[in-house]
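A short write-up of the structure that comes next.
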Amino acid sequence: MKVVDLDRETVKQGLANGSLLLIDVREDHEFARGHIPGSVSHPLSTFDAAALKALIEADGRRPVFSCASGVRSIHAIAAAQQSGLDVSEHYAGAFKDWYAAGEPVEA
């Protein structure tokens with residue numbers, strides 16, 4: 001399995017310049033309480049490879065997984081790769097890092 005860790009600055013830059021599709025794999029209730037602006041929800045607990053593939057293809061940006069602390073995003077990478085999807089990047093610090101740094105949060 002290939003995993004590429006991205007830091008907060010790389011994620012911020014990718015969101016700002018529109019090159020990165022940040023896919024939040026936390027549960028819906030977690031996403032609703034607060035998420036990184038510009039991220040989209042795709043909970044790991046209901047992982048759907050076909051829906052994820054459609055999302056990535058329709059969007060066209062580079063997909064990057066994110067979660068609360070960087071653990072579920074690695075599981076999402078594994079599930080995606082096992083399904084034949086070319087996704088290997090995740091925000092290693094995840095939402096906890098983003099929030100702790102005082103970055104903006106949407107609810």
- Item | Extreme residue, most open to solvent (accessible area, probe 1.4 Å), among residues of region 44-98 that are over 12 Å from the mean Cα position of the chain (by Cα) and among the polar types (S, T, N, Q) | Q82
- Name the pairs: first residue in region 1-29 and within 15 Å of A94 (Cα to Cα), second residue among the hydroxyl-bearing types (S, T, Y) and exposed (fewer than 12 other Cβ atoms within 10 Å of the Cβ), Cβ to Cβ under 7 Å, at least 6 apart or on different chains? E27/S45
- Query: In region 46-56, is there at least one residue being touching a Ser or Thr at 6+ places or on another chain (Cβ under 8 Å) and closer than 16 Å to E106 by Cβ?
  - Reply: no
- Only one of (1) open to solvent by 30 Å² or more (accessible area, probe 1.4 Å); (2) out of contact with any Leu (no Cβ under 7 Å at 6 or more places or on another chain); (3) touching a residue at least 40 places away in the same chain (Cβ under 8 Å); (4) under 21 Å from T10 (Cα atoms) does not apply to A107, and that is (4)
- Extreme residue, nearest to V87 (Cα to Cα), among residues of region 1-43 that are acidic (D, E) and surrounded by fewer than 20 Cβ atoms within 10 Å (Cβ to Cβ): D5
- Subset of region 17-42, residues more than 10 Å from the chain's Cα centre (by Cα), farther than 14 Å from W98 by Cα and not in a helix (DSSP H, G or I), comes to G18, S19, E27
- So L85, is it part of a loop (DSSP other than H, G, I, E, B) and without any contact (Cβ under 8 Å) to a residue 60 or more places away in the chain: yes
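The values are calculated or read from the model by the stated rules, or taken from the named source; none is laboratory data. As the structure is a computational prediction, the values presented were derived from the model and not from experiment. Positions of Cβ are generated from backbone atoms using ideal geometry, with glycine treated the same way; all protein chains shown enter the neighbour counts. Note: areas computed on protein heavy atoms with side chains; ligands, DNA, RNA excluded. Shrake-Rupley method; radii C 1.70, N 1.55, O 1.52, S 1.80 Å.
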